[in-house]
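Undergrad: First, the structure itself, so that you have it in front of you.
None of the figures in this text is laboratory data; all of them are computed from the coordinates on show. Everything numeric here is computed off the predicted structure, so don't read it as measured data. Neighbour counts run over all protein chains shown; Cβ positions are idealised from the backbone, glycine included.
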Amino acid sequence: MAERPEDLNLPNAVITRIIKEALPDGVNVSKEARRAISQAASVFVLYATSCANNFAMKAKRKTLNAGDVMSAMEEMEFERFLQPLREALEAYKKGQKGKKEASEQKRKDKEKKNGTDENDKSRDEEEDEHMDDEQEGENEGEEEDVEN
Amino acid sequence: MKSSPDVSCINQDALFLTTKATELFVQHLALSSYKNGSGKGTNTLSYSDLARAAEESETFQFLTDILPKKILARDYLKSLEEMDKDDDNL
């Protein structure tokens with residue numbers, strides 16, 4: 001890819017929205033300031049990723065996980081973020097669980113409507129997908145055990 | 001995130017956390033810069049507010065290269081000249 005850090009920029013609309021949320025009503029933000037914040041945020045992502053990656057490598061893992069990111073925040077002296085991040089992660093995981101349950105529910109409903117043959121095909125495909133997810137989960141679990 | 005060297009895979013949760021952390025960071029940076037800056041009087045957040053925050057706050061130290069303070073071109077050229085003079089003297 002060979003892109004310089006300055007070239008990687010996040011979507012402006014999103015950055016503007018977040019800035020507006022943070023500042024009191026009626027405060028203006030110069031275009032330059034906005035661009036600067038966007039670049040600062042990009043650098044933040046790179047720095048946080050690299051930091052989190054160090055923790056993952058120390059633990060001899062190739063996949064960054066949530067714990068690594070949290071450790072990176074502490075390392076970077078952003079402890080103030082830890083609590084809100086934990087809460088956000090909880091909410092996110094619940095949302096994910098809900099989605100999974102919802103899609104499983106949909107599948108069950110589908111089965112009731114469809115015939116058996118079509119059933120088996122689609123069910124097999126979906127089972128494969130689920131198995132992959134479960135395997136990933138199991139692998140992560142094993143890795144964590146090894147660390148401990 | 002993947003453009004970082006050595007990073008092969010990223011967990012879904014890790015991705016979400018990084019996104020959320022970046023959001024918090026943007027808020028934190030915007031608010032700190034605004035509070036400490038002169039913009040408060042004019043109700044505007046300007047680039048110099050951010051550059052000041054990068055220099056003065058320990059937490060934002062890593063941003064000093066990205067958010068350098070602006071100086072006039074002639075001041076920069078002057079300081080270059082002075083550096084050359086020092087080299088000559090050595």
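Undergrad: With the condition kept exactly as written, say whether any residue in region A:1-19 is surrounded by 14 or more Cβ atoms within 10 Å (Cβ to Cβ), free of Cβ contacts under 8 Å to residues at least 12 places away in the same chain and more than 7 Å from chain B (Cβ to nearest Cβ).
TA: Kept after step one, since they are surrounded by 14 or more Cβ atoms within 10 Å (Cβ to Cβ), are these residues of region A:1-19: A:5, A:8, A:10, A:14-16, A:18-19.
Filter again for free of Cβ contacts under 8 Å to residues at least 12 places away in the same chain, leaving A:14, A:18.
Those left that are additionally more than 7 Å from chain B (Cβ to nearest Cβ): A:14.
Checked region A:1-19: at least one residue is surrounded by 14 or more Cβ atoms within 10 Å (Cβ to Cβ), free of Cβ contacts under 8 Å to residues at least 12 places away in the same chain and more than 7 Å from chain B (Cβ to nearest Cβ).
Undergrad: Restricting to region B:59-76, name every residue that is loosely packed, with under 15 Cβ neighbours inside 10 Å and either among the polar types (S, T, N, Q) or more than 11 Å from the chain's Cα centre (by Cα) (or both).
TA: B:GLN61, B:THR64, B:LYS70, B:ILE71, B:LEU72, B:ALA73, B:ARG74, B:ASP75, B:TYR76, listed by residue number.
Undergrad: Right, here's the next one. Quick one: which of A:LYS94, A:LYS100, A:LYS60 is outside any helix (DSSP H, G or I) and exposed (fewer than 13 other Cβ atoms within 10 Å of the Cβ)?
TA: Unique residue meeting the criteria: A:LYS60.
Undergrad: Only residues that are within 9 Å of another protein chain (Cβ to nearest Cβ) and hydrophobic (A, V, I, L, M, F, W, C): list them for region A:79-102, please.
TA: Matches in region A:79-102: A:PHE81, A:LEU85, A:ALA88, A:LEU89.
Undergrad: In this structure, does A:ARG61 turn out to be charged (D, E, K, R), more than 7 Å from every other protein chain (Cβ to nearest Cβ) and within 25 Å of B:THR64 (Cα to Cα)?
TA: It is false that A:ARG61 is charged (D, E, K, R), more than 7 Å from every other protein chain (Cβ to nearest Cβ) and within 25 Å of B:THR64 (Cα to Cα).
Undergrad: Based on what the data block shows, is A:ARG34 under 14 Å from B:LEU45 (Cα atoms) and more than 7 Å from every other protein chain (Cβ to nearest Cβ)?
TA: The answer is yes for A:ARG34.
Undergrad: B:THR18 passes all but one of (1) at the interface with chain A (Cβ under 8 Å from one of its Cβ atoms); (2) surrounded by fewer than 16 Cβ atoms within 10 Å (Cβ to Cβ); which number fails?
TA: The one condition B:THR18 does not meet is (2).
Undergrad: Between a first residue in region A:62-82 that is without any contact (Cβ under 8 Å) to a residue 12 or more places away in the chain and a second residue that is assigned to a helix (DSSP H, G or I), which pairs have beta carbons less than 6 Å apart while being 6 or more apart in sequence or on different chains?
TA: Final answer for the pair search is A:PHE81/A:MET73; A:PHE81/B:ALA21; A:PHE81/B:LEU24.
Undergrad: Confirm whether A:ALA36 is under 29 Å from B:LEU50 (Cβ atoms), part of a helix (DSSP H, G or I) and over 21 Å from the mean Cα position of the chain (by Cα).
TA: In short, yes.
Undergrad: If you take the residues of region A:67-78 that are facing chain B (nearest Cβ under 10 Å) and in a helix (DSSP H, G or I), which of them is surrounded by the most Cβ atoms within 10 Å (Cβ to Cβ)? So that I can check it myself, show each step before the final result.
TA: Taking region A:67-78 and keeping what is facing chain B (nearest Cβ under 10 Å), we get A:67-70, A:72-73, A:76-78.
When the remaining residues are screened for being in a helix (DSSP H, G or I), the result is A:67-70, A:72-73.
Details: A:GLY67: 19, A:ASP68: 27, A:VAL69: 29, A:MET70: 21, A:ALA72: 25, A:MET73: 23.
Step by step, filter region A:67-78, then rank; the result is A:VAL69.
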